[in-house]
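Undergrad: Got a structure for you, questions after.
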């Protein structure tokens with residue numbers, strides 16, 4: 001823990017030096033981005049060991065205790081945001097990502113947060129509602145839509161397992177329809193026109209769940 005604290009403090013000092021001395025240069029901005037990401041990772045590392053502040057107090061924790069813990073954690077996080085407000089950004093990218101908790105979209109895209117809209121559904125499956133949300137995002141300035149799947153996906157496992165399909169028929173059916181839904185989205189007149197004119201790119205990627213690595217996905 002002491003080493004983590006020292007490393008975190010060193011990164012804070014280094015970040016302050018970089019911000020003060022090289023903010024407006026290309027190298028300085030890149031350094032800020034890298035150091036900022038390292039600071040975030042250091043923060044996660046510091047918090048990961050604090051089980052007394054986490055939901056893992058004991059296996060018998062009740063739903064109401066979880067709710068109370070969530071409210072307490074939100075209070076801490078909101079207090080930090082009041083003290084250190086974020087700079088608002090116009091989103092340029094829309095991500096469709098599975099709801100799997102192992103996937104942290106901030107880490108996935110280098111923690112550039114407010115440049116991204118995120119739609120999270122089980123199995124990264126879109127309905128007409130999500131299609132409309134993406135079209136609205138494109139109308140509001142999004143230039144890139146990234147459609148993802150990921151390794152070790154529970155929703156995909158349901159679709160591939162007869163016993164699970166019987167228990168979760170709607171989820172299995174949704175995964176079955178994923179490809180047709182994507183084709184439907186791409187065929188929407190506004191989306192097709194934006195892609196044809198080069199105003200919009202739509203990319204399909206597979207996420208390595210363990211490492212948050214993106215790889216091109218072929219349907």
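Undergrad: From 164, 210, 147, grab the single residue that is at pLDDT below 95 and assigned by TED's automatic domain parsing to the domain that holds residue 131.
TA: Of 164, 210, 147, the one residue that is at pLDDT below 95 and assigned by TED's automatic domain parsing to the domain that holds residue 131 is 210.
Undergrad: Checking residue 129 against (1) closer than 23 Å to residue 193 by Cα; (2) touching a helix residue (DSSP H, G or I) at 6+ places or on another chain (Cβ under 9 Å), which test does it fail?
TA: Every listed condition holds for residue 129 apart from (2).
Undergrad: I would also like to ask the following. Identify the residue in region 162-189 that is farther than 16 Å from residue 133 by Cα, in contact (Cβ under 8 Å) with a residue 40 or more places away in the chain and out of contact with any strand residue (DSSP E or B) (no Cβ under 9 Å at 6 or more places or on another chain) and, among all such residues, is surrounded by the most Cβ atoms within 10 Å (Cβ to Cβ).
TA: That would be 175.
Undergrad: Residue check: is residue 131 buried (at least 16 other Cβ atoms within 10 Å of the Cβ), modelled with pLDDT of 70 or more, assigned to a helix (DSSP H, G or I) and over 16 Å from the mean Cα position of the chain (by Cα)?
TA: yes
Undergrad: Restricting attention to region 98-120, and to residues there that are in a loop (DSSP other than H, G, I, E, B) and farther than 17 Å from residue 205 by Cα, which single residue is modelled with the highest pLDDT?
TA: Out of the qualifying residues, it is 101.
Undergrad: Counting only residues that are part of a helix (DSSP H, G or I) and touching a helix residue (DSSP H, G or I) at 6+ places or on another chain (Cβ under 6 Å), how many does region 157-175 have?
TA: 7
Undergrad: Could you list, in sequence order, all residues of region 49-65 that are surrounded by 10 or more Cβ atoms within 10 Å (Cβ to Cβ) and either modelled with pLDDT of 80 or more or touching a helix residue (DSSP H, G or I) at 6+ places or on another chain (Cβ under 9 Å) (or both)?
TA: Correct list: 49, 53, 54, 55, 57, 61, 65.
Undergrad: Another one. What pairs can you find where one residue is in region 133-154 and on the phi > 0 side of the Ramachandran plot, the other is not in a strand (DSSP E or B), and their Cβ atoms are less than 9 Å apart, with a gap of 6+ or different chains?
TA: 141/90; 141/91; 141/92; 152/100; 152/102; 152/209; 152/210
Undergrad: Go through region 190-203 and give me each residue that's crowded, with 16+ Cβ neighbours inside 10 Å and outside any helix (DSSP H, G or I).
TA: Once the filter is applied, which keeps residues that are crowded, with 16+ Cβ neighbours inside 10 Å and outside any helix (DSSP H, G or I), region 190-203 yields 200, 202.
The values are calculated or read from the model by the stated rules, or taken from the named source; none is laboratory data. Small disclaimer: the values here were computed from a predicted structure and weren't measured. Counting neighbours? That spans all protein chains shown, and the Cβs are built from the backbone with ideal geometry, glycine included.
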